[in-house]
Each structure stands twice: as C-alpha cells, then as structure tokens.
Amino acid sequence: MKKALIIGSEGNIGKPLVKHLKSKGYDIMESDIKPAWRENYIVADINHPIDLVPAFDWKPDVVFLLSAMVSRVTCEQSAGQAIATNLVGVNNVLQFCKRANAMTVFFSTSEIYGPQCEVMDESLSDPKPNNRYGLSKLLGEKLVEYEVEHYNLKAVSLRPFMMYDENEDLGNHRSAMIRFAYNLAHGLPIEVHKGSARGWLHVSDAVEAIERAAHVKEYSVINIGQGDIRPIHELAEMIRERLGASKDLVKTIEIPGQMTLVKNPTLDRMRDTLGHEAKVSLEEGVDRMCTRILERIKEIGSPG
C-alpha cells in the first residue's frame, strides 16, 4: 500500500483529493494549518516546519504539496506572507521530501503564464506572470526544478486551470463558477468580464489527474484543465437560465488589472503523460453546481 502525505488537506483541493486517494487504496496522512484533532492528521504550518517532522518520520512514498497563499488579490495585499509561504514554505517541504526520498507532486497555478501567452504551453521558456500569486508559484516551480536537477528530488509540477467543485467553500475569493451560482440563486448581481474566456475543470477530473502525477517517472511540468474554452458570459448565461434568475442581475465590466483575459492551455501532457482527459462537460458541471447550490440554500438558508 502506497503511503501519501497531503499537505494542505483541508483546502478545496485537499479534501476531495484525500477522498480520492483513499478510494485508490492509499494509506493517508493529512496535514494542514487548520486546527483539528483526528487520527492521521497533523496541524502544521509549512513556514514553521518543525511540526511536520512526525509526518515525514512516517516515511511517505509521495507528498502532495497543496499548501499555499492563493488568490491574486490576497497575494497583492499580503506580499510578505505570500512570498514567505509560496517560497520559503515550499523550500522547507522540499528539504523534508529529499530526506524521506519521497516523490513530490507540487501544485502550481495557471496564473504563472500571464496575459502574453495566447496558447499556454508547458514548454514555453519564459512565462511572464502579471500578479504576485503567479510570480511566487513560478518561483516555487523553479525551486522544485533546482532540487530535481541538483539533488535528485523526484517530482512533478502541476498547473491547474479553473478547477471547481460544487461542494467547495463559499466566498468572494472563490472561482466565478460558484460565485455566479451562489449570487444568482439569491437574486444578487454578478459581474462578467468583457471578452474573458476559460475552460472549467471539475474536481473529479482534477483529483484523477493529480493522483496520476504520483506515477510519473521523470520531472515534468503539466497543465491540467478542460480544453473546452468558453466565454465567461456564456457560463453566466447557462447558470442564469438554470436558476431562473433575472437577466438584469448580469453586469458586464472591463477585466480588472493583473488578470488574464483568455486562458487557453495545451493539454497534450495531461493526455500523454498522465493518461487522462477531462470527462465532465461544462453543461454537466453547471447542472451539478446549480443543483448543489440550491440544496445548500435549503440547508443553511439565505443570507441576511
């Protein structure tokens, strides 16, 4: 039985990944900064790695490194914490991974590419992120590559594109998919960025790709995403119609600064190296999201 340590196990990626790995027969150790008490769970901050010692004494075969300061806005506001966590914290974990001889699956972001890349290809030699989040994650990738090249770390870096989950945490910092569904279901307005387009990767496809990365033998940087790129206004209209919301709630605005208008990834490595292609269509994903949002409203009630 393969032993997997998930660092960042309480997040919107970590929770479904833990469930998926258990279904695959992994022996699991979880770690996160959030306080909790249960078997095989360790409270630890990657910026203070001493608390991770028991997790690495457990001798994991693979470490899924999900912990990070995320969000374009948050990383601009908290520059020190963003750099500390996404560089120093990552470096701390990599040193433990080397000592434990553990395979490392590093979770990066599509934000590393920046707006100049019409097609976002992993072989691109000089990506230019236009926000601190993307920059810090790109530098994190460089740390991983350095350890691979000079110290024989076994690793893979993943760049996810627009992952969503109908059960993810609610909030203004979350992706457009769940914010649109939540607001429209409550009769609240949404803002659609003019000319913006994305492909949307359902969590079930994402965790399958993440698990498969643990079996890659040579270091690689791999995009994971859904190749069906749609305008954001089309996504908004699908959700609005599904929820029966008023057209007046949909407002079109210019894209804010430090964002990328269109994200169009190449997914050849996801298919050829990971042996996986996204199965959940946008239509199916929107239906799942809207159905679940309505269920959650019944469970917790409407705001205010």
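The values are calculated or read from the model by the stated rules, or taken from the named source; none is laboratory data. Since we're looking at a predicted model, the values are computed, not measured. Here Cβ is always computed from backbone atoms with ideal geometry, including for glycine, and neighbour counts include all displayed protein chains.
The set of residues in region 237-282 that are hydroxyl-bearing (Ser, Thr, Tyr) and under 26 Å from TYR133 (Cβ atoms) comprises THR252, THR260, THR266, THR273. Within region 209-220, if we keep just the residues that are surrounded by 19 or more Cβ atoms within 10 Å (Cβ to Cβ) and touching a helix residue (DSSP H, G or I) at 6+ places or on another chain (Cβ under 8 Å), the residue that is nearest to LYS24 (Cα to Cα) turns out to be GLU211. Looking across LEU235, LEU261, one residue alone is modelled with pLDDT under 95, within 15 Å of MET162 (Cα to Cα) and of a type outside the set (Gly, Ala, Ser). It is LEU261.
Scan region 197-222 for residues that are part of a strand (DSSP E or B) and in contact with a Leu (Cβ under 6 Å, 6 or more places away or on another chain) and jot them down.
ILE222
The number of residues in region 245-266 being under 28 Å from ILE112 (Cβ atoms) and either assigned to a loop (DSSP other than H, G, I, E, B) or of a type in the set (A, V, I, L, M) (or both) comes to 13. One residue stands out in region 73-118 among those that are of a type in the set (Ser, Thr, Tyr) and surrounded by fewer than 16 Cβ atoms within 10 Å (Cβ to Cβ): the one that is farthest from the chain's Cα centre (by Cα), namely SER78. Filter region 279-302 for residues that are surrounded by 11 or more Cβ atoms within 10 Å (Cβ to Cβ), assigned to a loop (DSSP other than H, G, I, E, B) and of a type outside the set (Val, Ile, Thr) and give the result. Across region 279-302, the qualifying residues are LYS279, SER281. Pairs needed: first member in region 182-196, of a type in the set (Ser, Thr, Tyr); second member anywhere, in a helix (DSSP H, G or I); C-beta distance under 7 Å; at least 6 residues apart or different chains. From residues that are of a type in the set (Ser, Thr, Tyr), the pairs are TYR182/ILE293; SER196/ILE232.
Each row is one residue, and each column tells you yes or no for (1) modelled with pLDDT under 95; (2) crowded, with 22+ Cβ neighbours inside 10 Å; (3) out of contact with any Phe, Trp or Tyr (no Cβ under 8 Å at 6 or more places or on another chain); (4) not in a loop (DSSP other than H, G, I, E, B).
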position	(1), (2), (3), (4)
LEU5	no, yes, no, yes
LYS19	no, no, yes, yes
LYS22	no, no, yes, yes
SER31	no, yes, no, yes
ILE42	no, no, yes, yes
LEU52	no, no, no, yes
LYS59	no, no, yes, no
